[in-house]
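Read the structure below first, then the notes.
The values are calculated or read from the model by the stated rules, or taken from the named source; none is laboratory data. Just so it is clear, the model here is predicted, and its values are computed rather than measured. When we count neighbours, we look across all protein chains shown, and the Cβ atoms used for this are built from the backbone with ideal geometry, even at glycine. Calculation scope for accessible area: heavy atoms of the full protein, side chains included, ligands and nucleic acids excluded. Shrake-Rupley method; radii C 1.70, N 1.55, O 1.52, S 1.80 Å.
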Amino acid sequence: EAGVAQSPRYKIIEKRQSVAFWCNPISGHATLYWYQQILGQGPKLLIQFQNNGVVDDSQLPKDRFSAERLKGVDSTLKIQPAKLEDSAVYLCASSLEDTDTQYFGPGTRLTVL
Amino acid sequence: AQSVAQPEDQVNVAEGNPLTVKCTYSVSGNPYLFWYVQYPNRGLQFLLKYITGDNLVKGSYGFEAEFNKSQTSFHLKKPSALVSDSALYFCAVRDRNQGGKLIFGQGTELSVKP
């Protein structure tokens, strides 16, 4: 069974630029999550989707971050404009339902200069 | 508020010795508890989880964890450590009443020396 796919794996941008990350969850998984992992910390949930609807985006900085999952499968996370403090690894995870085990992708390491 | 604490930033053990990585949590009600492992430049890999039932949970790669409700702890253990176990370990909790959101600890770096 294929795991969670993410791209790109690495991205370097300058502050105030825009960036987008892509995630393809495990086939059949209804729930998709985006986490932010700052160096030296545990992952923090940014947004949770159930199919194509948002379940929890309470910790998403909505003035600069946006995410969508239009067809209930793939998802994109966008940052516009980026700040230095956005440097982190962005992890995508998926689960069959929200009560099931979450499986993580390899992450996208973002560096904002 | 929900929280997870991993009191040790780093744990060092010799190969073949038992290892313990500590985790305590604070959540209202009965939680779901998880352990994940992270190797360099890779995502988190699921090790094991506690949902209900037996307090001793067995997981991947010979790891196990013991749920202790009175001490609100969920320590990760392995009887005999391998050099290949060296990695970053994360404990996580999910409130049964708050959907899928995982709250993670800050991680513990495990180093196993030959």
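Annotations
- Residues of the range B:75-107 with amide N under 14 Å of a point placed 7 Å along Cα→Cβ from B:Asp9: B:106-107
- Where the Cα pairs of the protein assembly as shown fall when distances are cut into 10 Å bins, in %: 8, 33, 35, 20, 5, 0
- Using the Cβ of B:Ala87 as centre and a radius below 13 Å, the other residues enclosed give a net charge of 0, where K and R count +1 and D and E count -1.
- For the residues B:Thr52, A:Thr101, a 1.4 Å probe over the protein chains yields an accessible-area ranking, largest first, of B:Thr52, A:Thr101.
- The magnitude of the dipole of the range A:21-103, with charges of +1 and -1 set on the Cβ of Lys/Arg and Asp/Glu and taken from the Cα centre, is near 240 debye.
- Charge sum, other residues only, whose C-beta stays under 12 Å from B:Leu47's C-beta, Lys/Arg counted +1 and Asp/Glu -1: +2
- Label-to-label distance, B:Tyr39 versus B:Glu109, with points set 7 angstrom from Cα along the beta-carbon direction: 1.9 nm.
- Pairs from the list B:Lys69/B:Lys113; A:Lys62/B:Lys101; B:Lys78/B:Lys101; A:Lys11/A:Lys71 with a Cα-Cα gap above 21 Å: B:Lys69/B:Lys113; B:Lys78/B:Lys101; A:Lys11/A:Lys71.
- Computed over Cα pairs, the Kirkwood radius of the range B:4-60 leads via Stokes-Einstein (1.306 mPa s, 10 °C) to a diffusion coefficient of 117 µm² per second.
- For chain A, the fraction of C-alpha pairs farther apart than 15 angstrom is 60 percent.
- Calculated FRET value between B:Thr20 and B:Arg96, using beta carbons and R₀ = 35 Å, to 0.05: 0.85
- Net charge contributed by nearby residues that have their C-beta within less than 9 Å of B:Lys77 (K/R +1, D/E -1): -1
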